[in-house]
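Report on the structure given below.
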Amino acid sequence: MKKIRALAVITAFAVLTVCGTMTAAALTDGGSTSPDEKELSVIGDLNGDGKLNMVDYGLMRAYLAGKSVTIDLAAADVDNNGEINDGDRVLMQAYMAGADVELK
Ligand SMILES: [Ca+2]
Ligand SMILES: [Ca+2]
């Protein structure tokens, strides 16, 4: 019996830990802001909600895949080379991962 109870406690702890981590991750993702934000147009803010996050990255991927999505084309050109391509997507990804990259 003791073994079973110990297993139940460990399982409960594991579930709580996973749930807690997921909640923290969701909160962090939703509230992410960048010190480089500009007032009028946030670079990389493809959906115009004022933040650059996974939603924008998802839109970028969809756009590059040729899907019909509405994005802010000026904000999508994060390396400011005049075109929107995989380089911009990679830069967005690196930026969100916390890499020391500059969005223009
Ligand atoms: Ca956004
Ligand atoms: Ca570009």
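Values in this text are rule-based calculations from the coordinates and carry no lab data. Keep in mind that this is a model prediction, so the values were computed, not measured. Note that we place each Cβ from the backbone using ideal geometry, even for glycine, and neighbour counts take in every protein chain shown.
Before moving on, here are some points about what is shown:
- Neighbour-count ranking [beta-carbon atoms within 10 angstrom, fewest first] of L73, L64, L91: L73, L64, L91
- The slack in the chain from V55 to S68, taken as 0.36 nm per residue of separation less the alpha-carbon distance, amounts to 3.1 nm.
- 3J(HN,Hα) from dihedral phi, segment 97-103, Karplus parametrisation 6.51/-1.76/1.60, rounded to Hz, x for glycine, proline: 7, x, 5, 7, 10, 10, 9
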